[in-house]
Amino acid sequence: MTGIRYEDFLDLDYEPAASDLVCSFHVEPAADMDMESAASRVASESSNGTWAELQVSGGITDLSATAFDIDGSRVQVAYPDELFEDGNMAQVLSCIAGNIMGMKAVERIRLLDCEWPEPLATTFPGPQFGTSVRNDIFDAGDRPITATVPKPKVGLSTDQHAEIGYEAWTGGIDLLKDDENLTDQAFNPFHDRLTESLAQRDRAEEETGEPKSYLVNITADANTMLDRADAVAEQGCEYVMVDVVTTGWAAVQSVRERCEELGLAIHAHRAMHAAFDRVENHGVSMRVLAQIARLVGVDHIHTGTADLGKLENEDTEGINEWLYADRYGMNDVLPMASGGLHPGLVPELMDRVGTNVGIQAGGGVHGHPDGTHAGAKALRQAIDATMDGVPVEEYAEDHSELATALEKWGTETPR
Ligand code: CAP
Ligand code: MG
């Protein structure tokens with residue numbers, strides 16, 4: 001008989017094996033529970049234990065996780081490689097971020113960070129392109145690539161949407177981007193939007209002589225996303241966009257597989273991430289969500305504006321570092337800064353996040369007093385000025401679009 005008890009999941013002398021997945025949690029035990037008891041329950045419920053003591057006749061493979069370090073509220077748990085199915089992110093998350101999030105033994109619990117071991121990490125494909133898009137798809141040199149999302153988010157007709165794309169592209173923007181809640185509604189059907197936007201893209205490319213592309217939102221159930229990805233490739237676009245948190249990682253994995261066949265890059269929008277990561281002492285950190293995104297293989301992901309924009313951000317710079325760092329030769333990911341950005345914020349943003357990023361502005365382009373084309377120019381001028389080491393105020397002296405944007409928004413952080 002093999003006994004499995006909660007106490008068996010705590011071993012403060014345990015040294016994780018190189019093949020273990022090591023997860024760091026913030027744990028606040030329930031009122032009547034000490035930290036060691038809570039930590040052992042976390043390791044138990046997230047691997048192979050339960051509330052009752054088990055007796056298994058004949059013995060079983062030991063798949064138990066081990067809580068091996070407690071430092072204040074930070075608990076580290078090591079998971080054996082055999083616990084996980086290769087290349088199945090949903091299964092991994094059902095272990096390390098599953099039932100434990102609702103255990104009564106803990107008042108609060110947050111998955112803070114993961115150290116992904118090579119045997120598990122390399123069962124995932126990683127990105128096809130990552131930061132290389134800047135010069136594989138575009139011709140951006142060292143500067144950040146730029147994107148703009150037409151506003152209002154939804155309600156523009158297909159013609160209006162495509163026309164805004166043309167104005168933005170010819171103003172110097174690299175990527176037109178759909179908004180997270182624009183998919184295939186009656187006022188702007190997916191296939192029409194794809195065709196018309198790409199027709200305007202071709203026109204803009206011809207006029208500017210610069211490569212341009214379109215982040216078309218294919219978000220839907222997995223089968224529909226695959227059909228939409230096929231249509232995107234057929235029409236000669238380079239990207240699909242997916243709302244990766246709302247669709248779920250399993251669906252993203254299916255899209256990633258299809259995109260390999262089609263040679264398409266994936267732009268990951270993270271709408272709903274804040275439901276997991278905004279409350280600081282509970283949930284799943286954005287750092288871990290970004291790690292998952294890299295493993296399953298998106299090429300861009302929104303990681304915030306280093307606190308300069310309209311939305312709450314968790315450690316944009318630290319997360320970006322993780323996305324760039326070498327992980328067993330896996331491609332990196334291009335972080336997208338977005339949410340409340342406008343030209344006046346560009347110098348400080350680039351100071352904080354560098355140039356190996358995408359910069360997305362919706363309201364900060366289309367809200368320009370002289371319209372989208374001028375707004376696109378102003379954004380690009382702010383980037384060019386910063387790349388040249390020239391203060392934007394000085395650059396604005398002979399760049400009127402930038403001057404108007406600075407007059408309107410200055411360097412304010414919008415809310
Ligand atoms: C930005 C945006 C993006 C957010 C997402 C919006 O528009 O299109 O979805 O940036 O947040 O709908 O708010 P603006 P994050 O440029 O007009 O603000 O990048 O933090 O995931
Ligand atoms: Mg949006």
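The values are calculated or read from the model by the stated rules, or taken from the named source; none is laboratory data. None of these values were measured; they are calculated from a predicted model. FYI the Cβ positions are ideal-geometry reconstructions off the backbone, even for glycines, and counts take in every protein chain you see.
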| Of all helices (runs of 4 or more DSSP H) completely enclosed by region 106-205, which ones contain at least 2 residues that are within 16 Å of ligand 2 (Cβ to nearest atom)? | 158-170
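Within region 343-364, which residues are near ligand 1 (Cβ under 8 Å from one of its atoms) and in contact with an Asp or Glu (Cβ under 9 Å, 6 or more places away or on another chain)?
Residue satisfying the conditions is Gly362 alone.
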| Considering only residues of region 1-60 that are of a type in the set (Val, Ile, Thr) and within 25 Å of Pro117 (Cβ to Cβ), which is surrounded by the fewest Cβ atoms within 10 Å (Cβ to Cβ)? | Ile60
| said: Among the residues of region 140-194, what is the count of those that are without any contact (Cβ under 8 Å) to a residue 24 or more places away in the chain and either outside the structural domain of Ala231 (by TED's automatic domain parsing) or touching an Asp or Glu at 6+ places or on another chain (Cβ under 9 Å) (or both)? | reply: 1
| query | On the given criteria, is Leu341 under 17 Å from His302 (Cα atoms), within 16 Å of ligand 2 (Cβ to nearest atom) and touching a strand residue (DSSP E or B) at 6+ places or on another chain (Cβ under 8 Å)? | reply | yes
| request: For region 201-209, state whether one or more residues are of a type outside the set (Asp, Glu) and free of Cβ contacts under 8 Å to residues at least 12 places away in the same chain. | output: yes
| note | Here the residues within region 259-283 that are in contact with a helix residue (DSSP H, G or I) (Cβ under 9 Å, 6 or more places away or on another chain), crowded, with 21+ Cβ neighbours inside 10 Å and not in a loop (DSSP other than H, G, I, E, B) are Cys259, Ala265, Ile266, Ala268, His269, His273, Asp277, Gly283
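For every residue, the table says whether it meets (1) on the phi > 0 side of the Ramachandran plot; (2) within 16 Å of ligand 2 (Cβ to nearest atom); (3) touching a helix residue (DSSP H, G or I) at 6+ places or on another chain (Cβ under 8 Å).
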| residue | (1), (2), (3) |
| --- | --- |
| Leu323 | no, no, yes |
| Asp326 | no, no, no |
| Asp332 | no, no, yes |
| Gly358 | no, yes, no |
| Val365 | no, yes, yes |
| Asp370 | no, no, yes |
| Ala376 | no, no, yes |
| Is there a residue being part of a helix (DSSP H, G or I), modelled with pLDDT of 95 or more and not assigned by TED's automatic domain parsing to the domain that holds Gly98 anywhere in region 324-335? | yes
